Structures are given as C-alpha cells and as structure tokens.
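Undergrad: Mind having a look at this structure? Questions to follow.
The values are calculated or read from the model by the stated rules, or taken from the named source; none is laboratory data. Because the structure is a prediction, the values reported are computed rather than measured. Here the Cβ positions follow ideal geometry from the backbone for every residue, glycine too, while neighbour counts run over all protein chains shown. Only protein heavy atoms, including side chains, enter the accessible area calculation; ligands, DNA and RNA are left aside. Shrake-Rupley method; radii C 1.70, N 1.55, O 1.52, S 1.80 Å.
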Amino acid sequence: MMNRQLFDRVIQERILDFMPPIYHEYTPTIQQIEKVNETKDALTLEPQDRKSNEPVPMIYLDDMYEVFREDEDLDELLRFIANIFMNNIYRTPPMADPTFDFSRVRDKVVLQLIDRRRNARLLETLPHTNICGMAAIYRIMMRLNDDGMDSVVINEGIMKDMGLDVDELHMLALENTAYVMEPEIITLDKGAYMVTNKYRIYGAANMMLDDIMNELAEKLDDDRFFIIPCSMHEFIAVPQRTSRLENLKQMLAEGNRDFTEDKDILSNEIYAYDRNTGKLQTA
C-alpha cells in the first residue's frame, strides 16, 4: 500500500494520461484548501490562460485516498477522477459568472457558527461576527432539500457584490435562517431539549435566533438556561436551576473527544442564555 505522500504525487503526475489530448494543456496542481475545522489537499486542473479569480474544478485527495485504501485499484480511481474533471471543467458555477446578480440570492443567505480558534486562518479571508469564542460566517444555500445541499461561503468579494457590510450581512442571515433552515426543537429526557433543523446541518446557529431562545425558556420554565454545543449541527438546552456546570463541561469534553467528528466540533465551552437580557455568554 503506497503512503499518502506518494499517492498524491502519482495522482498529480498521471491524471492527464487518463484524459483526452484536449485537456493536456491543463496543469495538475495540488494546493491546500482551508475548510471549516480542517485543511484539505485538493488536486486542481488549471488552464494555461487562467485568470486569477477564475474558479477551477478540484478533487479532495483526502477523500480519494480513502477510496484507494479500500480497493487499491489506482487506474480505476484515476479514470474516476478524470471523469469528474471532464464533467465539471466547463461547468461554470453561477457565483463565478461576472454578470451574476447577487440580489437574486439575498433570501438564501444563512448563518453558520464555527469555532473561532480552530478556524483562525479561514476567518482571515471571510466576513464574520465574533460571538463568545465562536464566529458566525455566512453561506448562500443554492440548493437545499432532503437529498443534500449546495452552498457557497460568502467571502469579502461576494459581500461587496451584494452591496452589504458585515453588520448588514449578519442581520440578513438572522432574518433568513429560520425560514430557510426550518428549526426544530426535540424533547429529550429530564427536562432537556435538543435544537437542530429539518436538514440536520448547521443547526447550532439557532442559538442566535431570539424566537427559538424564547421558546426554549418557555419550555424549560426558566429564564436562564445552559447551552451544550454538541456540534455545529445541534445544541442541547437545559435549565440552570437543575444543572451543574462542571457536569455539563465534562459531558461536552467527552462528547467532543469520543463522539463528534473533528470537522463538526463547534466549541469546548458551555454557554448561558438569559431571556431577560437576551444575552448569550460563556458560562
């Protein structure tokens, strides 16, 4: 079994052998891509006359190496990667179209909460709002249904094209998140509630929605409650009067260590919400 470093080099050197001559003017390049909570190695095919802001299709080599480890058929995998490139190389994403009208997607802008420390490098490139050791970033949900989603993270260029500043972008995302993502409050045992959304993705953002937090206060019969950020996709709310903070911290630490995938971890902190002030803070 070849190691990961050799695998990456072989894929880069051989991919054009599995593509028609028309693609041989492209240059296979491996670059590191900053994603939420992780950095991934991506193989791209760059045309000789590529403009600096022109997008190129990319394949994440981390994922391809896992496929290779299962069947070790390198030629078949190279054919698979080549087909992906050929099917996408002339398919321009709408966001790459210089004539794209961003006013058409204002109602699709939603909020995602991520860990600020883990994503410090990524946040250098994105408009965001700092919230208690977390950061709110913003996505355009181009497709969202029971079969999956396609989304675009809003960078400085997209925000500028939308004619917004960070505060305006944040308010727009707050307005949209509830009806785009459809929050759900799920009853758990012992007077606790899990909050997510219909699609089970980025549901922790609901802690930013006043209506959801007020509803939780009513259900818990407590104006002050703790929030356990299980992942970026959900959180648990429990009343302060019946909960011990140290126990909750231990529960979260064990969950992040043993059950939550690294790419989904939101925070190592327990948060507290006070309905009387509408304030969220680190407990």
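Undergrad: Using the charge dipole of the chain (Lys, Arg: +1 at Cβ; Asp, Glu: -1 at Cβ; taken about the Cα centre), state which of ILE11, THR177, HIS24 has its Cα farthest towards the positive end.
TA: THR177
Undergrad: Would you mind checking the pairs LYS35/LYS219; LYS108/LYS190; LYS198/LYS263; LYS190/LYS249; LYS40/LYS108 and listing those with alpha carbons more than 28 angstrom apart?
TA: Among LYS35/LYS219; LYS108/LYS190; LYS198/LYS263; LYS190/LYS249; LYS40/LYS108, the Cα-Cα distance tops 28 Å for LYS35/LYS219; LYS108/LYS190.
Undergrad: Within 10 Å, at most 16 other Cβ atoms, and a DSSP state outside H, G, I, E, B define an exposed site. Report the longest part of the chain free of exposed chymotrypsin sites (Phe, Trp or Tyr not before Pro).
TA: Formally, the longest exposed-site-free interval is 101-258.
Undergrad: Based solely on its DSSP helices, what 222 nm [θ] is calculated for the chain when runs of n ≥ 4 H residues each add -39,500 (n - 2.57) and the sum is averaged over all residues, nearest 500 deg cm²/dmol?
TA: -9500 deg cm²/dmol, from helical runs alone.
Undergrad: Counting other Cβ atoms within 10 Å, keep those with at most 11, restrict to DSSP loop, and tell me which trypsin sites (Lys or Arg not before Pro) in region 223-253 are left.
TA: Sites meeting the loop and neighbour criteria: ARG244.
Undergrad: With a cut-off of 8 Å between alpha carbons and a minimum separation of six or more residues, what is the relative contact order of region 94-235 in percent?
TA: It comes to 20 percent, rounded to a whole number.
Undergrad: Rounded, prolate or oblate for region 1-85? Axes are the square roots of the Cα gyration tensor eigenvalues, ordered a ≥ b ≥ c, and the cut-off for rounded is a/c under 1.5.
TA: Oblate shape, in that a/c is at least 1.5 and b/c is the bigger or equal ratio.
Undergrad: How big is the shadow of the Cα convex hull of region 145-198, averaged over all directions, in nm²?
TA: Reported value for the Cα convex hull: 5.4 nm².
Undergrad: By how many nm would the segment from GLN12 to ASP262 lengthen if fully extended, with 0.36 nm per residue of separation less the alpha-carbon distance?
TA: 87.3 nm
Undergrad: Please give the net charge around LYS198, taking every other residue with its beta carbon less than 15 angstrom from that of LYS198, where Lys and Arg add +1 and Asp and Glu add -1.
TA: -3
Undergrad: Okay, next question. Report the net charge of residues surrounding PRO127, where surrounding means a beta-carbon distance below 9 angstrom and charges are Lys +1, Arg +1, Asp -1, Glu -1.
TA: Within the 9 Å Cβ shell, the charges total -2.
Undergrad: Just check region 180-265 against the gyration tensor rule for me: Cα atoms, a ≥ b ≥ c as the square roots of the eigenvalues, rounded for a/c under 1.5, and otherwise prolate or oblate depending on whether a/b exceeds b/c.
TA: The shape class here is oblate.
Undergrad: Something else about it: Any chance you could look up the accessible area of GLU254 with a 1.4 Å probe, heavy atoms only, rounded to 10 Å²?
TA: The accessible area of GLU254 comes to roughly 70 Å².
Undergrad: Of (1) 1.02; (2) 3.15; (3) 1.16, which one was derived for Cα Rg over 2.2 N^0.38 Å from the structure shown?
TA: Among (1) 1.02; (2) 3.15; (3) 1.16, the one derived from this structure is (3).
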